[in-house]
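Quick notes on the structure that follows.
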Amino acid sequence: MIVFLISYTSGAYSHIGSEQSKILKEQFESKIQGIDEFGIFFNNVVIALGMFIPGLGIGLGIFSGFGTGLVFSALAESNIALQNISPLSILLTPFGILEIFSYGLAISRSGMIIHDYFIKKISWKKFLKPTVIEIIIVVSLLIIGAFIEWNMIKQFTETPI
């Protein structure tokens, strides 16, 4: 979890130019246009499952965290409300906690597989069962998180200002 949080924070505090920020914001808005709870789940589960890949998953976790932080930075540049809150506060939402836990579990399993298989020379059969169990946990948490996130989005978009 620490790896993801550090990379997210690095991205969130990166100052990109206003033109790049505008492009990133437009790309993000285009990607989430018409998204629902299933789209949120699919997006998050693809990322998380990639993080289970031995070795590569750690890099994907860092890349994903940094990219998510950059999106926050780009959105904050044009939204005064976001400028006044810590980027980490977004991750303290119920769905944020579930996502961070899921990503942390996947990233650490990626590292453990590298360690166990390539360094300790343990047969892959010994860590297959714990890996499958962790994948089931991650998928379950991300399903729950996607429904929570979608309900929170609906609440904020349907509430009159």
**Report entry** Single residue of segment 138-161 satisfying the filter (polar (S, T, N, Q), modelled with pLDDT under 90 and part of a helix (DSSP H, G or I)) that is surrounded by the most Cβ atoms within 10 Å (Cβ to Cβ)
**Finding:** Q155
Query raised in the report: Does I135 satisfy the criteria of being in a helix (DSSP H, G or I), under 21 Å from V3 (Cα atoms), modelled with pLDDT of 95 or more and under 12 Å from the mean Cα position of the chain (by Cα)?
Result: no
Requested in this report: Could you please let me know if I107 is of a type outside the set (F, W, Y) and surrounded by fewer than 17 Cβ atoms within 10 Å (Cβ to Cβ)?
Outcome: no
Query raised in the report: Conditions: (1) more than 24 Å from V132 (Cβ to Cβ); (2) surrounded by 20 or more Cβ atoms within 10 Å (Cβ to Cβ); (3) modelled with pLDDT of 95 or more. G57 meets all but one. Number of the miss?
Result: (1)
Query - Out of F66, F118, sole residue that is out of contact with any Leu (no Cβ under 9 Å at 6 or more places or on another chain), under 18 Å from G11 (Cα atoms), open to solvent by 30 Å² or more (accessible area, probe 1.4 Å) and of a type in the set (A, V, I, L, M, F, W, C) - result: F66
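The rows are residues; the columns are (1) open to solvent by less than 60 Å² (accessible area, probe 1.4 Å); (2) part of a helix (DSSP H, G or I); (3) acidic (D, E).
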position	(1), (2), (3)
V3	no, yes, no
E19	no, yes, yes
I23	no, yes, no
E26	no, yes, yes
K31	no, yes, no
N43	yes, yes, no
V46	no, yes, no
G50	yes, yes, no
I53	no, no, no
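The values are calculated or read from the model by the stated rules, or taken from the named source; none is laboratory data. Since this is a predicted model, take the numbers as computed values, not measurements. Glycine also receives a Cβ, built like all others from the backbone with ideal geometry; neighbour counts cover every protein chain displayed. All accessible areas refer to the heavy atoms of the entire protein, side chains included, with ligands and DNA or RNA removed. Shrake-Rupley method; radii C 1.70, N 1.55, O 1.52, S 1.80 Å.
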